[in-house]
Structures are given as structure tokens and as C-alpha cells.
Amino acid sequence: MAELFDLVGIFVFALTGALMGVRKRLDVVGMAVLAEITALGGGIMRDLVLNVSPVAFQSLGYVLVPLAAATVVFFWHPHVTRVMPLILVLDAAGLGLFCAVGTAKAMEYGLSPLHATLLGVTTGVGGGMLRDVLAGEIPTLLYDRQLYAVPALIGSAAMAGMSWAGLNGWPVALGAAVLTFGLRIAAMRYNWRAPLARGVGE
Amino acid sequence: MAELFDLVGIFVFALTGALMGVRKRLDVVGMAVLAEITALGGGIMRDLVLNVSPVAFQSLGYVLVPLAAATVVFFWHPHVTRVMPLILVLDAAGLGLFCAVGTAKAMEYGLSPLHATLLGVTTGVGGGMLRDVLAGEIPTLLYDRQLYAVPALIGSAAMAGMSWAGLNGWPVALGAAVLTFGLRIAAMRYNWRAPLARGVGE
Amino acid sequence: MAELFDLVGIFVFALTGALMGVRKRLDVVGMAVLAEITALGGGIMRDLVLNVSPVAFQSLGYVLVPLAAATVVFFWHPHVTRVMPLILVLDAAGLGLFCAVGTAKAMEYGLSPLHATLLGVTTGVGGGMLRDVLAGEIPTLLYDRQLYAVPALIGSAAMAGMSWAGLNGWPVALGAAVLTFGLRIAAMRYNWRAPLARGVGE
């Protein structure tokens, strides 16, 4: 079940990577590379910090799913762009799943709830940050004032708290993922925005 | 004592990260993320190379101090900018401390003095490079001709040399940090500049 | 022998890093830093994924050879630029060697042939990607439609396949390197290009 969640998250993140490739007029190779890095980057960062060999270099699905996403975008990107609102919804789902799974894994490895939360957020947002930097842009996470990191933080903290209280397993992770997902969707729907530093004009 | 040094360095580096956030008109979340990455990036690189789990994911202070720095910048950034010369002095101090502590830790883990020096420099400059790349700029370290990496290199080499000769402990580290600090301050004060490649016009 | 191959690859990659430094008008320190990162970045990524301490921080030659390359470029960069076609040929050789050595090392550490191939490609292209990002550019690998990653992929896959079939040792690695090298040279010579996404105008 967790494996399936992961693969869905990977597929969606890879879609956003490949679409960035189209927007930047990259060729099919660049699209595939960007899809892989976007999908796997966050999990690789997590595993490096946990000092274990990254899952991305052990699982077949992790490597092949981003290629499938790049293929879809290569042939049908106008359709994919047309369903951009759907992509954003799926990306929110991917974010929720990655944060929950990343936090749970960090707790398993004995990190404190605070640090597990931080690593969960890193898992969720790391790949997208790499995607944006490689595409020559400031990471959306940093300048897009629509909340992205905050839902990730709250969902990860909820997961860490539940795990700390002895609650684990995939229903709990799913709950934490839904929390991130819901907050992210609400942030987009109601245009919740993080403030700029005091005195910096809008 | 070493812990206190570390936290001072982290605070100052985080200030530079959050100030970059203001300059790029990032929101408070972006400022906090940039503060964390600037402050912790170098140490995380060091620990990954040493193949140990990064201290940043074990210590409470490492995570909270950058948030404090981001809060200060969020509310009082015009004042912080006004004391920019002070920030540059503190940044030089942070650089010295990070290089010394990073080099000492690398020697402890059995690296040769040459490699410990290299890793000490990485510890000192890594976070700032990440900050600049994430903000969409070429790292200051690379194009700012005012010496930054060279003081880091000399202080780290001094630390490695002393450690190799059997001298360790925080007074030694403090001495190495002061060396980097003094050279960096002198480089700014007397405008010491690294040469461009032969034939490249000024 | 493998050590010598490695050092040749490192020298050539470092040349491309230092030349990028000249192009971006970096000073000698920036050139040296960029030379080191370009030359060592891919191998460091590989070793982090394999969860071992990076060779770059253990070998003397790995650290000094990039400095030698930076020195050459610092004094004689117009000559180096004049032999740019030669650099591209040497870069293709470096790519081939890094991919073969990286894949072979990954197989030794028990990765599947698929994942060893992926890690071999990462070893070959990682340093150049870091170079481009640090210089404020989208990695050549991503937008240059002349095939670069594909020869790396084919050579790495050949190495993984042979190693999987029980064939190892440096003649095999050399063969895989020559395969990457030949395909990369052919891609430049005959201007083989990867397609853009369907419907994206040329």
C-alpha cells in the first residue's frame, strides 16, 4: 500500500518535471532527466540524511515510473497542460504522501519528532526544488506566496506526533497525507498567502 | 564551548540567508527555508562526506536558531540591513568557526590534513553557495573577487596542521577561526583581490 | 590503470570547469573551485549513493589534478580555447571513463544492472551539471540537443550488462568507455539530435 502511494507520488512529481522540460524547450532526454530528478530527489535527500543507500537505487518502479511520466508528457503534453488544475491537485496529493512517508521513515530511524518533521518536509519539497534550480528558476517554494511548505510542515508534524504517540501504519500515514493535501488545496482555493517581511511593499 | 561557537555561526549565516530572502522579495516561508539551508548546508555536506548522519538532524538548537534569525530579519530587516558592516564581520566570524570546527571533525574521522582542509572549507562555504544558487545567483564565492575562500583555506589548513601535530581542543580551533576571521576582515578592509585569468580585462 | 583513467577524466572535466570560470569572468579562486567541483562532483554523488566515504576525500591526485587544470587554464586559456575541439574530444573520453568506472563500482556494491547504469550515468554527468548550475546556466545536458546523456546511458548499460554476465576488469571497462566515447563523438560529428516534445516547434 505504502509502495503504491509512493509510486503515485513519484508519477505526479515526474509529470511536473517533464512539463517544466517542455516549458523550457528541453529535448526528450532533458525531459526524462528532469522527471527522474524531480520524482526521486526528495527521497534521495532523505535517505542520504538517514545514512542509508537511497531506495531510488534499489526499486525498479522508482526508476521506470518517471520514464513513463516523461513519455506521457512527450506525446500528450498539450492535453497534460490542459489538465493543469488536475496536476496541481495530484501534486498536492504527492506532496502529502511524500511528507507522511518521509516523516514516518525518519521516526523509524530514531530521529526526534522535530527532526523527523524537518526531514519529512525535505522529502516532500526537495525534488521540486531541484527541478526549479536545474531549470534556471528560483524554487517556486521560495517565492510563490501560495502556501506550499506550510501544509507540508503541518502534515509532517502531525505524522511525527502520531508516530511519537505510538500510532503508526499506513492508515495513520494516509491521514497525515490527507491533512497536507487538504491544507494545500485550501491554500490554492482560498488564495492563502504568506506575508512578506514587514515593510516590503506588496 | 564548541557548541556555542557553532550556534553563533549558525545564527549569523542564517541572517545572511534571510536577508537574501528579503532582497529577493520572498515571503516569510521562503526566508525561513533560506535561513535554514544557508546555516545548515555546509555542515550537512561535511557530515554526508564523513558518512555520518548530519548533526543538523539531531540537535535542537541547529534547527531553531535559524528560525530565530529569520524572525529577527522578518520584523527588523531595515535595522539589520543598516548594520550590514556588522553582519559582514559576523559572517567572517561564522566562516572562521565553521572552517575550524569542520576541519577538526574531519581530522577526527581520519582524513588526511589535505582532505580535512578541503572539507573544512566546504563546511564554511557550502551553505552560502546553496543560498546563492537557490536565490538564482552565481555564488558570491565564485565571482566576488574579495577573498573569501582563501582565508577559509588558510584557517582550515592551519587547523589541520595543528591537529596533525597533535594539538587539538577548542583553544586551537579558536585560534584557527581567528586566523580565517582576521584574513577575511583584512581582505575586505584592504580590498585584497584575486586575479582574473591572464589576459581577461579588468 | 583504472586510477590513471580516472585522473585523465578528472583533468579534462576540471579543464571544462576552469574554462567556464574564464567565460563567466571568475577570478582564479572561482576557477579553482569550479574545476574541483566539476571534476569531483559526479564521483562524490556516486559514493554518497553507495553510502561510502567519497574517494575524492581520500586520494591525493583527485584534489591536486583539478588545481593543475585550473593553473593551465589560468595561464594559457586562449590556447586552451583554441583547442576547444580537442577539449570536446577529451570530455567525451572523460565521460566514457567516468560512466564505466562508476557503473562497475555500483555493480561491485551489489546494485542491480539497471540501477548501476543509472548511477554510472550520474557519475559521468553529475559534475558537469553542478558546474553549469553554479555558473548560473541550465545544465548543457538538459537543453543541448546534441546527444550527451544517451551515449553515457548506452556505455553504462553495456558495462552493467558485461559485469552482470561475469565480465569485469579494466579491459571491459575500457571497452564500455570506448563505446560511450564513440557514440558521443559520432553524435557531435553527425549532429544527431534528440527530439523535442511533439508539437514543440524547432
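Of the residues making up the range B:66-79, those that are without any contact (Cβ under 8 Å) to a residue 12 or more places away in the chain and hydrophobic (A, V, I, L, M, F, W, C) are B:Phe75, B:Trp76.
Residue by residue, here is whether (1) within 12 Å of chain A (Cβ to nearest Cβ); (2) in contact with a helix residue (DSSP H, G or I) (Cβ under 7 Å, 6 or more places away or on another chain) holds:
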residue: B:Ala18; (1), (2): yes, yes
residue: B:Ala32; (1), (2): yes, yes
residue: B:Val73; (1), (2): yes, yes
residue: B:His79; (1), (2): yes, no
residue: B:Cys99; (1), (2): no, yes
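Would you point out the residue of the range B:153-170, among those that are more than 10 Å from chain C (Cβ to nearest Cβ) and among the aliphatic types (A, V, I, L, M), that is farthest from B:Leu19 (Cα to Cα)? Ranking the qualifying residues of the range B:153-170, first place goes to B:Ala165.
Of the residues making up the range A:18-56, those that are in contact with a strand residue (DSSP E or B) (Cβ under 7 Å, 6 or more places away or on another chain) and of a type in the set (Ser, Thr, Tyr) number 0. Quick check, is B:Gly161 more than 30 Å from A:Leu134 (Cβ to Cβ), modelled with pLDDT under 95, surrounded by fewer than 17 Cβ atoms within 10 Å (Cβ to Cβ) and small (Gly, Ala, Ser)? Judged against the criteria, B:Gly161 is not a match. For the range A:134-152, residues that are at the interface with another protein chain (Cβ under 7 Å from one of its Cβ atoms), at pLDDT 95 or above and more than 27 Å from C:Gly126 (Cα to Cα) total 0. Considering the range C:41-55 alone, what residues qualify as being more than 8 Å from every other protein chain (Cβ to nearest Cβ) and small (Gly, Ala, Ser)? Selection gives C:Gly41, C:Gly42, C:Gly43. Among the residues of the range A:169-184, is any surrounded by 21 or more Cβ atoms within 10 Å (Cβ to Cβ) and without any contact (Cβ under 8 Å) to a residue 24 or more places away in the chain? There is no residue in the range A:169-184 that is surrounded by 21 or more Cβ atoms within 10 Å (Cβ to Cβ) and without any contact (Cβ under 8 Å) to a residue 24 or more places away in the chain. The combined condition, being within 14 Å of chain B (Cβ to nearest Cβ), touching a residue at least 60 places away in the same chain (Cβ under 8 Å), of a type outside the set (Lys, Arg) and more than 26 Å from B:Phe74 (Cβ to Cβ), is not fulfilled by A:Gly128.
Condition (residue is without any contact (Cβ under 8 Å) to a residue 60 or more places away in the chain and surrounded by 16 or more Cβ atoms within 10 Å (Cβ to Cβ)) applied to the range B:80-96: is it met by at least one residue? No: zero hits. Scan the range A:84-94 and tell me whether some residue there is more than 7 Å from every other protein chain (Cβ to nearest Cβ), touching an Asp or Glu at 6+ places or on another chain (Cβ under 8 Å) and either not charged (D, E, K, R) or not in a helix (DSSP H, G or I) (or both). No, there is no match, as no residue in the range A:84-94 is more than 7 Å from every other protein chain (Cβ to nearest Cβ), touching an Asp or Glu at 6+ places or on another chain (Cβ under 8 Å) and either not charged (D, E, K, R) or not in a helix (DSSP H, G or I) (or both). Of all residues in the range A:20-30, which are touching a Leu at 6+ places or on another chain (Cβ under 9 Å) and either part of a helix (DSSP H, G or I) or more than 8 Å from chain C (Cβ to nearest Cβ) (or both)? Answer for the range A:20-30, where residues must be touching a Leu at 6+ places or on another chain (Cβ under 9 Å) and either part of a helix (DSSP H, G or I) or more than 8 Å from chain C (Cβ to nearest Cβ) (or both): A:Met20, A:Gly21, A:Val22, A:Val28, A:Val29, A:Gly30.
Total residues in the range A:185-199 satisfying the condition of being within 14 Å of chain B (Cβ to nearest Cβ) and buried (at least 16 other Cβ atoms within 10 Å of the Cβ): the figure is 4. From the list C:Leu40, C:Leu48, C:Leu67, the lone residue that is of a type in the set (A, V, I, L, M) and either touching an Asp or Glu at 6+ places or on another chain (Cβ under 9 Å) or at pLDDT below 90 (or both) is C:Leu67.
The values are calculated or read from the model by the stated rules, or taken from the named source; none is laboratory data. Since the model is a prediction, treat every value here as computed from it, not as a measurement. Positions of Cβ are backbone-derived with ideal geometry, glycine not excepted, and every protein chain shown enters the neighbour counts.
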